[in-house]
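The values are calculated or read from the model by the stated rules, or taken from the named source; none is laboratory data. Please read these numbers as outputs of a predicted model, since none were measured by experiment. Here the Cβ is made from the backbone with ideal geometry for all residues, glycine too, and neighbour counts use every protein chain on show.
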Amino acid sequence: MSPPRVRTLIVGAGIAGMGAGYELLARQENDFLLLEAGPRPGGVIATEAADGFVFEAGPDSWLGMKRSLTQLCRELGLGDEITASQDRARQTLILRNRRLLPLPPGWQLLAPARFGPIAATRLLSWRTKLRIAAEFFSRGEPQPPADESVAAFLGRLYGEEAVEYLAAPLLAGVYGGEPEELSLDAIAPRMRAMKREGSLGRALWRNRRQAAPAAPLFSTLRPGLQRLVDELARRIGPGRLRTRARVEQLRPSAAGWEAVLAGGERLQSERLILALPAWAAAELLRSFDTALAAELSAIPYGSAMILSLGYFQSPPLPPGFGALLPRREGKRMLACSFSHRKFPGRAPAGGALLRLFYGGRRDPAVLELDDAAVRELGLRELREILGPLPGPDRMRISRQPRAMAQYTPEHRRRRERIGTLRRRWPGLGLAGNAYQGIGIPDCLESGRAAARELAMPGESVAPLLEDPAGISPG
Ligand SMILES: Cc1cc2nc3c(=O)[nH]c(=O)nc-3n(C[C@H](O)[C@H](O)[C@H](O)COP(=O)(O)OP(=O)(O)OC[C@H]3O[C@@H](n4cnc5c(N)ncnc54)[C@H](O)[C@@H]3O)c2cc1C
């Protein structure tokens with residue numbers, strides 16, 4: 001007897017796979033099945049509400065300027081639950097010599113749009129300040145290299161200290177990545193073009209009003225991001241979404257594709273969307289396309305661990321949304337968000353919710369610590385930074401191994417090669433955070449684009465890195 005058959009099989013029910021399912025529904029292509037290895041859909045997105053705290057195991061928000069997701073939430077009837085970050089309280093602190101100092105206002109991820117705050121900051125030496133000032137009066141670089149690492153670009157412009165105390169902590173807090181590895185074009189796609197024309201600082205200064213977002217910096221949903229996953233799952237329906245269904249093998253078949261699930265069940269489909277981390281997609285493709293599998297598995301991934309500490313009564317905290325810890329300062333912690341300041345309703349009235357971010361490319365081994373050791377590490381490092389602090393009233397730990405794709409300077413060319421190799425297999429789509437952005441809106445859109453392309457072959461998918469892979473610190 002031939003195995004059961006569906007038109008489209010989607011493997012992986014993270015936000016990318018759910019986006020693919022939602023797009024098929026919107027196109028009334030209802031004959032699909034979404035298979036998820038874990039016990040619940042959502043992938044790294046998971047919220048637990050308990051005792052007045054909203055614990056997010058993975059992401060806690062999306063960039064407000066990514067309006068596509070805000071729009072989708074409205075389309076899904078979640079408009080009333082969209083919650084904006086409390087930007088008036090916004091300030092990011094950076095640790096230097098055991099003191100928390102504000103990120104100079106006007107610093108835009110990798111470069112300053114104003115020199116005044118740079119001159120005034122105690123975060124940088126005069127030598128670096130002078131280099132930054134000189135850049136404001138510098139000429140363009142007529143022929144910068146094709147793409148390069150953030151560290152190479154910024155090191156050339158501003159020197160090593162700006163990399164260590166500004167770029168590196170921001171990139172670790174946002175991408176779990178290192179400036180020596182991450183691609184400038186992926187992180188800040190317009191910067192190389194700006195520098196070609198003249199001074200980067202002057203260009204950012206001229207654009208600063210345009211850059212000032214009308215949207216809040218970050219958005220989330222009042223009950224947590226799980227709400228988005230739950231609503232997508234409800235619309236897709238239990239008949240089309242199967243959890244605890246790990247695909248263990250794949251092969252091309254006369255019908256198109258055959259998948260073998262853990263336990264031996266077989267399924268056939270005409271089309272296949274792999275909405276998986278690139279390394280997981282590689283494992284499934286390796287038996288029949290070693291070249292594609294090799295390209296996919298060459299995309300590096302960072303790991304993440306979030307330690308959430310809930311207090312019914314807030315301990316004394318410095319102002320702002322939280323702190324970033326430069327690697328030179330010798331802490332394992334990459335960042336700490338004061339979630340209850342970032343969004344309303346994250347902790348009971350008068351309470352606090354601190355989210356400590358560990359791991360990244362630098363320290364995947366931290367995920368191997370047991371819960372008691374993680375608690376001990378988190379509290380010790382927090383006390384070193386913030387001073388005396390009681391133990392938390394509530395605590396959650398989540399570990400996300402190999403969860404965040406890292407876009408290196410090779411990424412653009414690699415993605416093109418992956419696109420060419422993938423198109424040799426009609427009916428195969430790839431989606432997830434390895435391709436066109438690692439933030440939730442980009443991943444969701446990658447799933448939708450893959451479904452669109454398979455539904456209407458020839459329709460082009462979103463271009464590579466049209467937007468930076470923006471996600472929020474901690
Ligand atoms: C700690 C952390 C914090 C983040 N913070 C933010 C943030 O604040 N804002 C933001 O925009 N982005 C953030 N991101 C990034 C963003 O959340 C992710 O890039 C995005 O959610 C990834 O979605 P995905 O569907 O591509 O992958 P995943 O969420 O990894 O989903 C893949 C799914 O595939 C399943 N799967 C794997 N193998 C198989 C198999 N063989 N068969 C069946 N199923 C399989 C997995 O179980 C998983 O559910 C964060 C990421 C992390 C890890």
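Could you list, ordered by first residue, the pairs with Cβ atoms under 8 Å in which the first is in segment 297-315 and under 14 Å from residue 352 (Cβ atoms) and touching a residue at least 12 places away in the same chain (Cβ under 8 Å) and the second is polar (S, T, N, Q) and crowded, with 23+ Cβ neighbours inside 10 Å, at least 6 apart or interchain?
From segment 297-315, the pairs are 308/339.
If you check residue 380 against the conditions, is it surrounded by fewer than 24 Cβ atoms within 10 Å (Cβ to Cβ), farther than 21 Å from residue 47 by Cα and either free of Cβ contacts under 8 Å to residues at least 24 places away in the same chain or among the basic types (Lys, Arg) (or both)? Quick ask: steps written out before the conclusion?
Numbers: surrounded by fewer than 24 Cβ atoms within 10 Å (Cβ to Cβ): yes; farther than 21 Å from residue 47 by Cα: yes; either free of Cβ contacts under 8 Å to residues at least 24 places away in the same chain or among the basic types (Lys, Arg) (or both): yes.
Yes: the conditions hold for residue 380.
Of all residues in segment 400-443, how many are more than 20 Å from residue 181 (Cβ to Cβ) and more than 8 Å from the ligand (Cβ to nearest atom)?
Number of matching residues: 12.
Among the candidates 294, 262, single out the residue that is in the same structural domain as residue 425 (by TED's automatic domain parsing), of a type in the set (Gly, Ala, Ser) and more than 10 Å from the ligand (Cβ to nearest atom).
Checking each option against the conditions leaves just 294.
Counting only residues that are crowded, with 21+ Cβ neighbours inside 10 Å and within 7 Å of the ligand (Cβ to nearest atom), which one in segment 20-40 is nearest to the chain's Cα centre (by Cα)?
36
Could you list, in sequence order, all residues of segment 1-33 that are in contact (Cβ under 8 Å) with a residue 24 or more places away in the chain, assigned to a helix (DSSP H, G or I) and not charged (D, E, K, R)?
15, 16, 17, 18, 19, 20, 21, 22, 24, 25
Please verify whether segment 75-88 includes one or more residues that are at pLDDT below 95 and within 22 Å of residue 206 (Cβ to Cβ).
Looking through segment 75-88, none of the residues is at pLDDT below 95 and within 22 Å of residue 206 (Cβ to Cβ).
Can you name every residue in segment 1-19 that is within 13 Å of residue 236 (Cα to Cα) and more than 16 Å from the ligand (Cβ to nearest atom)?
Result: no residue meets the conditions.
Among the residues of segment 156-175, how many are at positive phi and without any contact (Cβ under 8 Å) to a residue 24 or more places away in the chain?
Total satisfying the criteria: 0.
Among the residues of segment 44-63, is any within 16 Å of the ligand (Cβ to nearest atom) and modelled with pLDDT under 95?
yes
Results for (1) away from the ligand (no atom under 16 Å from the Cβ); (2) within 30 Å of residue 400 (Cα to Cα); (3) in contact with a strand residue (DSSP E or B) (Cβ under 8 Å, 6 or more places away or on another chain); (4) not charged (D, E, K, R), shown as yes or no for each residue.
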| position | (1), (2), (3), (4) |
| --- | --- |
| 129 | yes, no, no, no |
| 132 | yes, no, yes, yes |
| 139 | yes, no, no, no |
| 190 | yes, no, no, no |
| 194 | yes, no, no, yes |
| 204 | yes, no, yes, yes |
| 216 | no, yes, yes, yes |
| 226 | no, yes, yes, yes |
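Looking only at segment 254-302, which residues are buried (at least 16 other Cβ atoms within 10 Å of the Cβ) and among the hydroxyl-bearing types (Ser, Thr, Tyr)?
Selection gives 269, 297, 301.
Among the numbered conditions (1) over 20 Å from residue 402 (Cα atoms); (2) under 24 Å from the mean Cα position of the chain (by Cα), tell me where residue 362 comes up short.
Unmet condition: (1).
Tally the residues that are surrounded by fewer than 16 Cβ atoms within 10 Å (Cβ to Cβ) and over 26 Å from residue 177 (Cα atoms), restricting the search to segment 79-116.
5
Please work out which residue is modelled with the lowest pLDDT, limiting yourself to segment 172-214 and to residues that are surrounded by fewer than 17 Cβ atoms within 10 Å (Cβ to Cβ) and touching a helix residue (DSSP H, G or I) at 6+ places or on another chain (Cβ under 7 Å).
197
With respect to the numbered conditions (1) within 13 Å of the ligand (Cβ to nearest atom); (2) assigned to a loop (DSSP other than H, G, I, E, B), which one is the sole condition not fulfilled by residue 69?
(2)
Give just the number: which of (1) part of a helix (DSSP H, G or I); (2) over 30 Å from residue 431 (Cβ atoms) does residue 315 not satisfy?
Among (1) part of a helix (DSSP H, G or I); (2) over 30 Å from residue 431 (Cβ atoms), residue 315 violates only (1).
Please list, ordered by residue number, the strands (runs of 3 or more DSSP E) wholly in segment 215-303 having 1 or more residues that are of a type in the set (Ser, Thr, Tyr) and more than 18 Å from residue 433 (Cα to Cα).
The qualifying strands (runs of 3 or more DSSP E) are 218-221, 247-253, 266-275.
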